[in-house]
Amino acid sequence: MTYSHILVAVAPTPESQRLVNKAVSIARPANAQISLITFAADPEMYNQFAAPMLENLRELMHEETQQFLNGLVARADYPIATTVIASGEMSESIKSWCGKHQVDLVLCGNHNKSFFARATTAAKTVVGCCGVDVLLVSLQGNE
């Protein structure tokens, strides 16, 4: 089966390069489009006195996340169409993005070793709701 638009859910970890490499290996034969999505942590606002500091922290976290995505793009050896820093619930954000951008495959990483742990990961909610094919890529061991 060939895909035309692959969305890769990455996190700011070294293993994300493995996900991008897998996406490239799937996309290259079909000249498919690849997009990257990651999720930004939003610092909690505890009180109005901390709000100015938290806004600076939010900007810094966004900048660091964008630098991480830029690094993945630079090492991809394949054109990356779009990078997205999303917030909110992962599966709903991915579902929405897939619908708006005609994504037909989502790649997610999986760190879990046991079958039971795999079945309860956040990726399970992505599989259940996004309405497109989902490929879970093992992030255990060496590439």
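The values are calculated or read from the model by the stated rules, or taken from the named source; none is laboratory data. In this text the structure is predicted, and so the values were computed from the model without any measurement. All Cβ positions, glycine included, derive from the backbone under ideal geometry; neighbour counts span all protein chains shown. SASA here: full protein model, heavy atoms, side chains in, ligands and nucleic acids out. Shrake-Rupley method; radii C 1.70, N 1.55, O 1.52, S 1.80 Å.
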Exactly one of these conditions fails for GLY99: (1) touching a Lys or Arg at 6+ places or on another chain (Cβ under 9 Å); (2) modelled with pLDDT of 90 or more. Give me its number. (1)
Failed criterion for VAL84 (all others in (1) of a type outside the set (Gly, Ala, Ser); (2) open to solvent by 50 Å² or more (accessible area, probe 1.4 Å); (3) modelled with pLDDT of 90 or more hold): (2)
Would you please list the contacts, defined by Cβ atoms under 7 Å and residues six or more apart or on different chains, that run from a residue in segment 65-92 that is within 21 Å of VAL127 (Cβ to Cβ) and without any contact (Cβ under 8 Å) to a residue 40 or more places away in the chain to a residue that is open to solvent by 50 Å² or more (accessible area, probe 1.4 Å) and not in a strand (DSSP E or B)? SER91/THR125
